[in-house]
Amino acid sequence: MTDQPTALPPTQSDSTRPSLADCRVLQLPTVHDRRGNLTFIEGERQIPFAIARAYYIYDVPGGSERGSHAHRSLEQFIVAVSGSFDVVVDDGREQRRFPLNRCYFGLYLPRMMWRSLDNFSSGAVCMVLASQVYDESDYIRDYETFLAEPR
Ligand code: T46
């Protein structure tokens, strides 16, 4: 049996600054099996962008926070493949906390979202799929600069 994934969010125009409403928790397809379950992710199918990079965050000490920046053009999909953590997302107008604690749900973040990750459980593994390879010039690390970017 396969669980059906959530419908993809509409893609954003490059000229429009996204809002919190464009951030979505998406359910991934899961193939149930007596041998164990299997969940898969394909670029431009289960998530709305082609995957250029994957990375993992793990062995996070209790009380640590990651992120605290935004990206000018990068889109990401964040999955708690083990354990749990929260992603706090801020579009410059409002904030929302997304708890992630299942490996078959992930959070889609469009460009221009200030994000912080906290509340990591012991043994949590955060997998991130990204639409572009690593590029430091895409980061906005200063919150006032983030707020001042055009809408
Ligand atoms: C995000 C959250 C969830 C690389 O060399 N390649 C990479 O692909 C990444 C992501 C990082 N790095 C280097 C850059 C820094 O020297 O690894 C070091 C730590 O990166 P950073 O401080 O950006 O890590 P986080 O956990 O604060 O943020 C990362 C992503 O950068 C960010 O896009 O959304 O994870």
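The values are calculated or read from the model by the stated rules, or taken from the named source; none is laboratory data. This structure is a prediction, so every number in the text was calculated from the model and none was measured. Cβ atoms come from the backbone with ideal geometry, glycine included; neighbour counts cover every protein chain shown. Keep in mind that these areas ignore ligands, DNA and RNA; they rest on the heavy atoms of the full protein, side chains included. Shrake-Rupley method; radii C 1.70, N 1.55, O 1.52, S 1.80 Å.
Kindly provide the set of residues from region 111-123 that are assigned to a loop (DSSP other than H, G, I, E, B) and within 12 Å of the ligand (Cβ to nearest atom), ordered by number.
Within region 111-123, Arg111, Met113, Phe120 meet the criteria.
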### Message
Here is a list: Tyr143, Tyr55. Which entry is open to solvent by 30 Å² or more (accessible area, probe 1.4 Å), modelled with pLDDT of 95 or more, closer than 21 Å to Pro18 by Cβ and aromatic (Phe, Trp, Tyr)?
### Response
Tyr143
### Message
For Arg102, only one of the following conditions fails: (1) within 13 Å of the ligand (Cβ to nearest atom); (2) surrounded by 14 or more Cβ atoms within 10 Å (Cβ to Cβ); (3) of a type in the set (Lys, Arg). What is its number?
### Response
(1)
### Query
List the pairs whose first member sits in region 30-48 and is under 21 Å from Tyr108 (Cα atoms) and open to solvent by 100 Å² or more (accessible area, probe 1.4 Å), whose second member is aliphatic (A, V, I, L, M) and part of a loop (DSSP other than H, G, I, E, B), and whose Cβ atoms are under 7 Å apart, counting only residues at least 6 apart or on separate chains?
Glu44/Ala50
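Select from region 38-64 the residues that are under 13 Å from Ala124 (Cβ atoms) and in a loop (DSSP other than H, G, I, E, B) and list them in ascending order. Outline the logic, then answer.
Going through region 38-64, the residues under 13 Å from Ala124 (Cβ atoms) turn out to be 56-64.
Correct list: Tyr58, Asp59, Val60, Pro61, Gly62, Gly63, Ser64.
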### Summary
When restricted to Val79, Val128, the only residue within 9 Å of the ligand (Cβ to nearest atom) and either touching a strand residue (DSSP E or B) at 6+ places or on another chain (Cβ under 9 Å) or assigned to a strand (DSSP E or B) (or both) is Val128
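In this structure, does Arg17 turn out to be surrounded by 13 or more Cβ atoms within 10 Å (Cβ to Cβ), of a type in the set (Lys, Arg) and modelled with pLDDT under 95?
Details: surrounded by 13 or more Cβ atoms within 10 Å (Cβ to Cβ): yes; of a type in the set (Lys, Arg): yes; modelled with pLDDT under 95: yes.
Judged against the criteria, Arg17 is a match.
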### Task
Identify the single condition in (1) within 13 Å of the ligand (Cβ to nearest atom); (2) surrounded by fewer than 13 Cβ atoms within 10 Å (Cβ to Cβ) that Val87 does not satisfy, given that it satisfies every other one.
(2)
